[in-house]
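One structure is given here, and the rest of the page talks about it.
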Amino acid sequence: MLVHVKNVLTAEEVAYCRDVLESAEWGDGKATAGQQSAKAKHNLQIPQKSPQCRELGELVLRALGRNPTFTSAALPLRVFPPLFNRYDTGMYFDAHVDNAIRPEPETGYRIRTDVSSTLFLTPPEDYDGGELVIRDTYGEHSVKLPAGDLVLYPSTSLHSVKLITRGSRWASFFWTQSMVKDDGKRTLMYEFDQAIIEIRKSLPDSHEGVLGVTGTYHNLLRQWAEL
Ligand SMILES: O=C(O)CCC(=O)C(=O)O
Ligand SMILES: [Fe+2]
């Protein structure tokens with residue numbers, strides 16, 4: 001399932017991230033790539049252990065924590081400390097699947113990557129190309145979002161970032177270990193949750209139907225969640 005999460009960051013937060021990134025040291029994106037993806041990857045990143053990466057990573061994590069749509073779609077158990085990348089004109093990232101297991105830079109604690117996310121930090125009119133293309137059984141989905149918006153997709157998907165032909169594309173990207181690792185089950189939980197939100201707009205929370213579907217949502221999550 002591919003989900004567009006709007007307004008994860010406010011305009012002020014996006015501007016702040018960009019200010020901090022302006023003064024950061026950018027290195028080769030291959031630093032955090034696996035063997036296959038290193039050959040496909042042609043972009044820049046700020047080092048994982050840099051103070052800018054830590055500070056902005058925490059800002060992104062706080063924003064995710066207050067976002068009910070991200071929580072509903074990703075059902076996060078652990079979120080990998082967010083990274084920051086940039087593609088200048090001539091840069092791209094060919095098709096790859098993200099590594100299944102990633103050690104956290106500070107603790108070495110390993111997380112399983114169930115959900116991949118890109119949080120856009122540049123408005124689409126600032127660059128040409130740079131679409132994130134995600135392949136699933138329905139075909140290819142080309143994604144280019146306003147600054148502050150995020151797309152999440154199953155980490156099992158082949159994906160790529162198209163060549164930038166004008167300007168520069170900046171983003172934060174990170175992985176989530178979900179309480180529900182199977183994308184099919186996670187999709188069902190998301191659709192179920194969204195349907196409950198709709199029902200609760202027209203029925204009181206004390207309504208037997210609302211009690212029933214809410215209870216079943218939690219009981220299904222209890223069956224499927226792995227902590
Ligand atoms: O820049 C992006 O949107 C995606 C980056 C990516 O796929 C990766 O670093 O594995
Ligand atoms: Fe990737």
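Volume per residue, Å³, of the convex hull around the alpha-carbon atoms of region 1-146? Write out the running numbers ahead of the final one.
Working: hull volume 18.4 nm³, N = 146.
Given the Cα convex hull of region 1-146, per-residue volume reads 126 Å³.
Suppose each label sits 7 Å from its Cα in the direction of the beta carbon; what would the Thr89-Ala11 distance come out to in nanometres?
Each label point is offset 7 Å from its Cα along the Cβ direction, giving 2.8 nm.
At a temperature of 4 °C and a viscosity of 1.567 mPa s, determine how fast region 15-67 diffuses translationally according to Stokes-Einstein, using the Kirkwood radius over alpha-carbon pairs as Rh; express D in µm²/s, rounded to the nearest whole number. Don't skip to the end; give the middle numbers.
Values: Rh = 12.3 Å.
Roughly 105 µm²/s, to the nearest whole number.
Between beta-carbons, use under 14 Å as the cut-off and find the net charge around Leu44, counting Lys and Arg +1, Asp and Glu -1.
My count for the surroundings of Leu44 gives 0.
Modelling each spin label as a point 7 Å along the Cα-to-Cβ direction, I'd like the Ser168/Ser142 distance in nm, to one decimal.
Reported label-point gap for Ser168 and Ser142 is 2.5 nm.
Ordered by residue, what ³J(HN,Hα) values in Hz, to whole numbers, does region 165-178 give under the Karplus form 6.51 cos²θ - 1.76 cosθ + 1.60, where θ = phi - 60° and Gly and Pro are x?
9, 7, x, 8, 10, 10, 7, 9, 9, 6, 10, 10, 8, 8
Taking DSSP loops as anything outside H, G, I, E and B, show the longest stretch in the chain free of trypsin sites (Lys or Arg not before Pro) there with at most 12 other beta carbons within 10 Å.
Answer from the scan: 67-227.
For the chain, with the dipole built from +1 on Lys and Arg beta-carbon atoms and -1 on Asp and Glu ones, taken about the Cα centre, which of His159, Gln36, Val20 lies farthest toward the positive end?
The listed residue farthest towards the positive side: Gln36.
Taking θ = phi - 60°, what integer Hz values does the Karplus form 6.51 cos²θ - 1.76 cosθ + 1.60 yield along region 106-115, in sequence order, with x for Gly and Pro?
7, 9, x, 4, 8, 10, 8, 8, 9, 10
With n ≥ 4 as the cut-off for DSSP H runs, can you work out [θ] at 222 nm for the chain, using -39500 (n - 2.57) per run divided by the number of residues, rounded to the nearest 500?
That calculation yields -10500 deg cm²/dmol at 222 nm.
With every protein chain present, what is the per residue accessible area of the chain (1.4 Å probe, Å²)?
50 Å²
May I ask you to list the aspartates and glutamates whose Cα is less than 19 Å away from that of Lys49, ignoring any residue fewer than eight positions away on the same chain?
Excluding near neighbours in sequence, the set is Asp19, Glu22, Glu25, Asp28, Glu58, Glu104, Glu106.
Which percent of the accessible heavy-atom area of the chain goes to carbon and sulfur, probe 1.4 angstrom?
Summing carbon and sulfur atoms, their accessible area is 54 percent of the total for the chain.
Taking +1 at the Cβ of each Lys and Arg and -1 at the Cβ of each Asp and Glu, which of Pro82, Leu119, Val8 sits farthest along the dipole of the chain towards its positive end, judged by Cα position relative to the Cα centre?
Value computed over the given set: Pro82.
Could you list, in their original order, any pairs among Lys6/Lys201; Lys6/Lys185; Lys41/Lys185; Lys6/Lys30; Lys41/Lys144; Lys30/Lys162 whose Cα atoms are separated by more than 27 Å? Write down the numbers at each step before the final one.
Numbers: Lys6/Lys201 20 Å; Lys6/Lys185 23 Å; Lys41/Lys185 31 Å; Lys6/Lys30 29 Å; Lys41/Lys144 19 Å; Lys30/Lys162 17 Å.
Cα-Cα > 27 Å for Lys41/Lys185; Lys6/Lys30; rest within.
What is the magnitude of the charge dipole of the chain about its Cα centre, with +1 placed on the Cβ of each Lys and Arg, -1 on the Cβ of each Asp and Glu, and no other charges, expressed in debye to the nearest 20?
Roughly 460 debye for the chain.
With label points built 7 Å along Cα→Cβ from the Cα atoms of Ile196 and Thr71, find their separation and express it in nm.
1.2 nm
The values are calculated or read from the model by the stated rules, or taken from the named source; none is laboratory data. These figures come from a predicted structure and were not determined experimentally. Here Cβ is always computed from backbone atoms with ideal geometry, including for glycine, and neighbour counts include all displayed protein chains. These accessible areas exclude ligands, DNA and RNA; they are computed on the full protein's heavy atoms, side chains included. Shrake-Rupley method; radii C 1.70, N 1.55, O 1.52, S 1.80 Å.
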